[in-house]
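Structure first, commentary second.
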Amino acid sequence: NVNKVETAVRVTHLPTGIAVRCTQERSQLQNKEKALQLLKARLLVLAREQHAQKIADIRGDIVEAAWGNQIRNYVFHPYQLVKDVRTNWETTDVQG
């Protein structure tokens, strides 16, 4: 019987503390197998989220290559000037 307390199964993954409870099936063995499948799926989702977070941390902030995000400005006409935007360094020597 599904309503019996003896057929319910609770499985806990000790390192993460994730717990799964299953009372869907009529036998304890079937509930245990289903609970282990659910726990495995949750652990897989957790591992994928952690992996995605690691990749996001490694990539950092992605800067879009758009107007205004340049490092240096080069002006050739009507005058010659090279300006480093990050350090505000300017020079008129555009060849060097």
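Confirm whether R10 is in a helix (DSSP H, G or I) and outside the structural domain of G96 (by TED's automatic domain parsing).
no
Can you give me the ranges of the strands (runs of 3 or more DSSP E) entirely in the stretch 21-96 with at least 3 residues that are modelled with pLDDT of 90 or more?
81-84, 89-91
Look through the stretch 46-87, keep the residues that are under 30 Å from I18 (Cβ atoms) and among the acidic types (D, E), and return whichever of them is surrounded by the most Cβ atoms within 10 Å (Cβ to Cβ). Step through it out loud before you land on a result.
Step one: list which residues in the stretch 46-87 are under 30 Å from I18 (Cβ atoms), which gives 46-60.
Restricting the remaining residues to those that are among the acidic types (D, E) gives 49, 57.
Numbers: E49: 10, D57: 8.
Here the answer is E49.
Taking the stretch 1-11, which residues are exposed (fewer than 12 other Cβ atoms within 10 Å of the Cβ) and either among the charged types (D, E, K, R) or under 30 Å from the mean Cα position of the chain (by Cα) (or both)?
K4, E6
The values are calculated or read from the model by the stated rules, or taken from the named source; none is laboratory data. Please read these numbers as outputs of a predicted model, since none were measured by experiment. Cβ: placed from backbone, ideal geometry, glycine included. Neighbour counts: every protein chain shown.
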